[in-house]
Structure formats: structure tokens, C-alpha cells
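Trainee: Just dropping this structure here.
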């Protein structure tokens with residue numbers, strides 16, 4: 001059996017396998033100027049570059065996504081199985097309907113993005129940056145492939161360590177367990193009544 | 001690896017230069033490209049379909065009918 005290489009630098013995180021998140025956090029915090037740390041920080045900071053990079057089809061965005069894909073793939077899975085939540089925010093009801101239609105028909109969703117953020121707290125996932133009156137809440141039970149990035153975001157000083165504490169890598173599959181119910185939350189003095197979907201990682 | 005890191009460093013520098021925080025560039029940014037039609041959900045692969053069938057078999061929808069009085 002080949003001896004695993006010791007992880008000394010942030011760049012080693014892209015080649016090492018099953019790296020514990022706490023160890024990765026310590027290494028990345030030690031090298032704040034490393035491009036790997038900066039790439040991760042872009043994810044943890046809710047700023048315009050992140051929003052653009054996750055979807056854009058430019059060489060820059062592709063390179064950034066490639067690094068994030070490798071980093072996520074090499075991090076240790078979070079095997080606690082603790083339920084996580086994801087809040088969705090849409091511009092109008094039609095967008096939500098269009099997005100959810102194939103998922104409701106198939107009772108299945110495959111994550112096509114490089115990563116899908118979620119949080120362990122329902123209160124955080126229903127907070128203003130993630131949920132509006134046209135949005136939806138997903139409860140994801142029994143996650144198996146999620147990576148817990150909260151220690152990393154906290155160590156490198158990312159703005160939102162709680163809101164993106166768990167990331168599901170590309171290709172994760174989720175099955176819809178139950179028909180939608182409604183969730184009522186009060187945010188900013190307004191009552192939001194949004195659909196609540198229960199998924200399980202397949 | 002070194003070359004790759006150099007490329008990434010150049011990428012990070014370029015991102016910072018081209019995408020200033022709060023810049024006006026983002027007026028047309030789509031927060032969720034899936035639902036806006038810019039990024040339709042991809043066609044499921046064979047493995048996805050197998051996982052889908054397995055999931056549906058494991059978790060069938062139980063339809064509850066009202067009992068006659």
C-alpha cells in the first residue's frame with residue numbers, strides 16, 4: 001500500500017485524499033495568501049464574484065470551479081448524518097414553479113453545480129439572504145456525501161461560516177420523500193408562507 | 001502542481017481585478033441560474049436513473065384514502 005504524502009501546504013490539499021476538515025482548516029489558516037485559500041474564501045464570502053463564478057462559463061470561472069471541485073472531492077465526508085436545510089430565494093413565483101416542476105415530477109434532484117451549500121440550522125436557512133416570499137425550504141435528511149466546511153470558513157475568516165457550513169459536491173442525488181408542506185416564518189415583521197420539501201440523499 | 005498553482009494564482013488575481021466587490025458589473029447576475037432558464041437541469045445519467053429507481057422502490061409514495069363512514 002503506497003504511503004500517503006504528508007500534508008504540509010495548502011496546495012497539498014488538492015492531491016491528498018480524505019483530509020479531515022479540521023486539519024485542512026489549520027493548513028489553510030496558516031497560508032492566507034495561498035491561491036487555494038483565496039479560492040475557498042471566495043465561496044465563504046457572499047459577494048458578487050462567488051455568485052458569478054459558480055455559474056459563468058469563462059476560463060477564469062472554470063479554473064476556479066476546477067480547484068473547488070478537487071478540494072471538495074478530497075475532503076473527508078461528514079458522516080454525522082445530521083439533517084441539513086437549504087433555503088432558496090427566487091425572483092417570483094413562476095421561477096420557483098419552473099425550477100421545482102421537474103424535481104416534483106421525478107421526485108429526484110441531481111446537483112449539477114460544483115457544490116450546493118446547506119446549513120444545519122433551520123433558522124439560518126430561513127434568514128433573509130436565503131429565503132424570500134417566493135422561496136422554498138429543503139430539508140435534507142441523512143446526508144452522506146456532504147463536506148463540513150464550517151471549520152475551514154471559520155479559520156480563514158470567511159464572512160458566512162454558518163450559512164455555508166455544509167457543501168454537497170457535484171453529482172449528489174436527492175430523492176423527495178414527502179409531498180410539499182407549508183412553513184410559516186416571520187422575517188422582518190412579515191409572515192412568509194413558503195413550501196417545505198423533505199429530501200433524503202439517495 | 002506548481003504550474004497549476006501558478007495558473008490558479010493568476011486566476012485569483014484576475015478575478016479580483018475584474019470583479020471588484022460591489023461593482024456595477026453585477027447588475028445582470030442571475031442568483032439561481034437553474035430556475036431562470038440559463039442553466040437547465042442536466043439530463044440524468046444512467047447512474048442517476050438507477051439511483052432514482054432504487055430510491056423510489058425504497059420510498060414509495062403511500063396514498064392515504066379516506067375511509068368510508
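Trainee: Evaluate the stretch A:112-124: report whether one residue or more is more than 27 Å from residue A:73 (Cα to Cα) and either assigned to a strand (DSSP E or B) or away from chain B (no Cβ under 14 Å) (or both). Steps first, please.
Mentor: Taking the stretch A:112-124 as the starting set, the residues that turn out to be more than 27 Å from residue A:73 (Cα to Cα) are A:123.
Keeping just the survivors that are either assigned to a strand (DSSP E or B) or away from chain B (no Cβ under 14 Å) (or both) gives A:123.
Checked against the condition, which is being more than 27 Å from residue A:73 (Cα to Cα) and either assigned to a strand (DSSP E or B) or away from chain B (no Cβ under 14 Å) (or both), the stretch A:112-124 yields at least one hit.
Trainee: Determine which single condition residue A:69 fails, assuming it passes every other condition in (1) more than 16 Å from the chain's Cα centre (by Cα); (2) surrounded by fewer than 17 Cβ atoms within 10 Å (Cβ to Cβ); (3) more than 10 Å from chain B (Cβ to nearest Cβ).
Mentor: (1)
Trainee: Looking only at the stretch A:72-91, count every residue that is within 11 Å of chain B (Cβ to nearest Cβ) and surrounded by fewer than 17 Cβ atoms within 10 Å (Cβ to Cβ) and tell me the total.
Mentor: Residues flagged as within 11 Å of chain B (Cβ to nearest Cβ) and surrounded by fewer than 17 Cβ atoms within 10 Å (Cβ to Cβ) within the stretch A:72-91 amount to 1.
Trainee: Let me ask something else about it. Is it true that residue A:63 is over 30 Å from residue B:4 (Cα atoms) and either in a strand (DSSP E or B) or within 8 Å of chain B (Cβ to nearest Cβ) (or both)? Write out each step before concluding.
Mentor: Working: over 30 Å from residue B:4 (Cα atoms): no; either in a strand (DSSP E or B) or within 8 Å of chain B (Cβ to nearest Cβ) (or both): yes.
So residue A:63 does not fit the description; no.
Trainee: Specify which of the listed residues (A:184, A:178, A:139, A:105) is assigned to a strand (DSSP E or B), surrounded by fewer than 17 Cβ atoms within 10 Å (Cβ to Cβ) and modelled with pLDDT of 90 or more.
Mentor: Values: A:178 fails: modelled with pLDDT of 90 or more; A:139 fails: surrounded by fewer than 17 Cβ atoms within 10 Å (Cβ to Cβ); A:105 fails: assigned to a strand (DSSP E or B).
Just one listed residue meets the conditions, A:184.
The values are calculated or read from the model by the stated rules, or taken from the named source; none is laboratory data. Note that the structure is a prediction, hence the values are computed from the model and not measured. FYI the Cβ positions are ideal-geometry reconstructions off the backbone, even for glycines, and counts take in every protein chain you see.
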